[in-house]
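Derivation of every value follows stated rules applied to the coordinates shown; laboratory data play no part. Note that the structure is a prediction, hence the values are computed from the model and not measured. Methodologically, a virtual Cβ is constructed for each residue, glycine included, from the backbone with ideal geometry; neighbour enumeration extends over all protein chains shown.
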Amino acid sequence: GGWEAIATFPCVDNLWVIAPGYIRESYPPQLTMRGGLCHIDPDDYHRIGFPYQRYRCES
């Protein structure tokens, strides 16, 4: 899976994940980035032909 690759990226304040074929429940509740942790924002799931989800991160 590609989720492990995110751990190699530097931490940001907000991470938007675009994952074609995913539904809201498919996104992991948290993601680890280099130097920080990101938590899913349940109010920021959207779909405009493809799904995308915001994670709020803290370093």
Task: Hits in segment 9-25 - residues which are aromatic (F, W, Y) and either under 15 Å from Y52 (Cα atoms) or in contact with a Pro (Cβ under 8 Å, 6 or more places away or on another chain) (or both) - done: W16, Y22
Task: Yes/no for S59 being of a type in the set (S, T, Y) and either without any contact (Cβ under 8 Å) to a residue 24 or more places away in the chain or surrounded by 14 or more Cβ atoms within 10 Å (Cβ to Cβ) (or both) - done: no
Open item on the list: Just checking, does segment 26-40 include any residue being closer than 12 Å to R54 by Cα and loosely packed, with under 10 Cβ neighbours inside 10 Å?
Closed with: yes
